[in-house]
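Read-outs throughout are calculated quantities, based only on the coordinates presented, and are distinct from any laboratory measurement. These numbers were taken from a predicted model, which means no experiment stands behind them. With ideal geometry, Cβ positions are generated from the backbone for all residues, glycine too; neighbour counts draw on all protein chains shown.
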Amino acid sequence: MHYIKLYFKLITTHLYVQLQYRFTFVVRFITYNLMPVIDFSILFIYFSNFDSLSGWNAWEVAIIYCITSSGFALTETFARGFDTFPYLVQNGSFDRMLLRPASTVFQVMASDFPFIRLTKVVYGIVFLIMAGMKLQLDLTYFQVLILVITILSCACMFTSLFVIMGAISFITIAPISIFHLFTDGTREVGKYPISVYPKWFARFYIFMIPIGCVTYFPTLYILGKPDIVFNTTSTVQIMAAFVGFLFVFVSFAIWNLCRRRYLSTGS
């Protein structure tokens, strides 16, 4: 309970600080409101030249697209601190965190909270509803539950990637640009059905970085589409929706392992 109160106090402070630069805040707010619309429109520009992509029509792909975008936006909002963590290590800010009477993981999570990124979550849900209406989906309560779990699991999967990339910075100290290949790159891969990629590529994003597990397979179950590529059953597709939560434990195990090698910056 103490951490919950402290967390809300810290994010309130972040909002107050961001509102001090009102013009910048408004410009960024408008930009982040336009980006999801443009991004979503590009999807249909792709489909203007063909009817389907490996058996998926535009609105079916939009379901996966929205799940991935919403999950990533949640991660950018609530776990942004791990994305920028390498800079905290490099400038010595993490040394100060070690001296405070609070969990370092909690402090990193609460170190940044970009409110405007929440608009991407809202747009993702709105576009998800639009896609459902276009496809005339008649979902059961259980399918809706799996959809919600899938979005949250996707957010956990991306959070785990941020945590792992942050953990590696304990060793490298300076931020490495290749990190974005695994975060932003995975987001782009996850926006489309994993079945459209070559088998070796798809397997990597199913078993190593499980974005395919938390987006593709649950979406098959929600849409009631047969899996003609991997021949998975509905039970496997449902279970795949929970992989993102399990990936969190792996990421924090790596975090704790790498943190033991941290020797401070000497500040």
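Using only alpha-carbon positions, what ratio does the radius of gyration of the chain give when scaled by 2.2 N^0.38 Å?
The reported ratio for this selection is 1.06.
Using a Cα distance threshold of under 22 Å, what count of lysine pairs results for the chain when pairs must be 8 or more residues apart or interchain?
Total qualifying Lys-Lys pairs in the chain comes to 7.
Between Gln20 and Leu99, 0.36 nm times their residue separation minus their Cα-Cα distance comes to what?
Taking 0.36 nm per residue and subtracting the Cα distance, the gain is 25.5 nm.
Could you work out which residue, out of Lys134, Lys225, Lys120, moves most in a Gaussian network model of the chain, that is, has the largest mean-square fluctuation with Cα springs under 10 Å?
Maximum among the listed residues: Lys134.
Specify which residue in the list Val17, Phe179, Met130 is farthest towards the positive end of the charge dipole of the stretch 2-259, using unit charges on the beta carbon of Lys, Arg (+1) and Asp, Glu (-1), about the Cα centre.
Going by the charge dipole, the pick is Val17.
For Cα pairs less than 8 Å apart in space and 6+ apart in sequence, what is the mean separation divided by the residue count of the chain, i.e. the relative contact order in percent?
Taking the mean separation of contacting Cα pairs over the length of the chain, I get 26 percent.
Where does the stretch 39-97 land on the Kirkwood hydrodynamic radius, alpha-carbon pairs, in angstrom?
Answer for the stretch 39-97: a Kirkwood hydrodynamic radius of 14.2 Å.
Restrict the search to the stretch 1-60; then list the chymotrypsin sites (Phe, Trp or Tyr not before Pro) that DSSP places in a loop and that have at most 13 other Cβ atoms within 10 Å of their Cβ.
Answer by residue number: Tyr21, Phe50.
Among Met35, Met165, Met109, determine the one that fluctuates most according to a GNM of the chain built with springs between C-alpha atoms less than 10 Å apart.
Looking only at Met35, Met165, Met109, the biggest GNM fluctuation is shown by Met35.
Quick check: the distance between the Cα centres of the stretch 108-152 and the stretch 1-72, to the nearest angstrom?
10 Å
Using 7 Å Cα-to-Cβ label points, what is the Thr232/Thr84 separation (nm, one decimal)?
Distance between the two pseudo-spin positions: 3.5 nm.
Normalising by the residue count of the stretch 139-267, find the relative contact order in percent from Cα pairs under 8 Å and 6+ residues apart.
Relative contact order, the stretch 139-267: 43 percent.
For Arg260 and Val122 in one chain, what is 0.36 nm times their gap in residues minus the Cα-Cα distance, to one decimal in nm?
45.8 nm
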